[in-house]
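Structure, as structure tokens:
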Amino acid sequence: MIAIQGSGGKSTILKNISQYLSLQHKVCCFTTTKMETCQLDFVQKIYESFTDYFNDKESPCLAAVGIKDQVHIKTPMQLLDFELLVSEKAKNIIFVYEADGAHRLPLKINKNDPVFLPQTTHVISVIGLKCFNQPIKNVCFRSNLFLEKYNQVTNKKVNEEQIIGFEELEFARNDYIQQWNEWQCNWRNFNYQFETKNNQTVIQHVFNQIDLVEQNTIQELRRKYANDAFGHEEIIKIVSEWF
């Protein structure tokens, strides 16, 4: 089960890796928060519940589960669904889910998110490089909280006019990749508490939107973060090695 968290192209990465995996596996996409309906237009069928999905003996190789309204696909999750996702019926299915939102901005700070599931085996954290060399106020979801935490951690006093550079990217990246380990097994604002979580979950960071920055910026980031992925092709290659 793959969770995708962060900002700056999560939904496109979900689409690309799901389509790739569906060539050889059965794949089911969903969100633990909400997504725009159009972001799941690549799947063959959308079910309103996991019960409906598992009961359909002819379910396609690439499907999604979620409750639709005019604009959004929302989480279908109830306690029964958690049980289904660890049942024998789910054994040969790869689940890919989006765990948070960023209002289409390339940078964010968390607040009661990401919304993880305890059986997650892989976490992909995403930062969109569209934020680089831009003022925090223009490119960051919850910019006030970002600044509050950034100033506390770095002992600085920057404001919303601060330009995103390598130091700010490092702060955001480190904050993103710590989310799984810091997660206290709570579900959606602490209204349910899981007993435990997977302690062998693989965490992979990807810098997305790499065509929007200069090559010397990419080279510097590669030097600093040799194990990170850069762009869609590299993250798909890594995912192909997982399954």
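Considering only region 187-198, I want to know if a residue exists there that is among the acidic types (Asp, Glu) and modelled with pLDDT of 95 or more.
no
Picking from residues in region 103-126 that are in a loop (DSSP other than H, G, I, E, B) and under 10 Å from the mean Cα position of the chain (by Cα), the one that is farthest from residue 78 (Cα to Cα) is 114. Of the helices (runs of 4 or more DSSP H) lying entirely inside region 127-243, the ones with 1 or more residues being aliphatic (A, V, I, L, M), surrounded by 14 or more Cβ atoms within 10 Å (Cβ to Cβ) and in contact with a helix residue (DSSP H, G or I) (Cβ under 9 Å, 6 or more places away or on another chain) are found at 136-139, 143-154, 166-177, 215-224, 232-242. Please verify whether residue 86 is among the aliphatic types (A, V, I, L, M) and within 18 Å of residue 184 (Cα to Cα), treating the condition exactly as stated. Considered against the rule, which asks whether it is among the aliphatic types (A, V, I, L, M) and within 18 Å of residue 184 (Cα to Cα), residue 86 comes out as no. Residues that are in contact (Cβ under 8 Å) with a residue 40 or more places away in the chain, touching a helix residue (DSSP H, G or I) at 6+ places or on another chain (Cβ under 9 Å) and not charged (D, E, K, R) number at least 2 in the following strands (runs of 3 or more DSSP E) confined to region 1-76: 2-6, 26-31.
The values are calculated or read from the model by the stated rules, or taken from the named source; none is laboratory data. Remember, predicted model here, so these are calculated numbers, not experimental data. Neighbour counts are summed over all protein chains in view; Cβ atoms, including those assigned to glycine, are modelled from backbone coordinates with ideal geometry.
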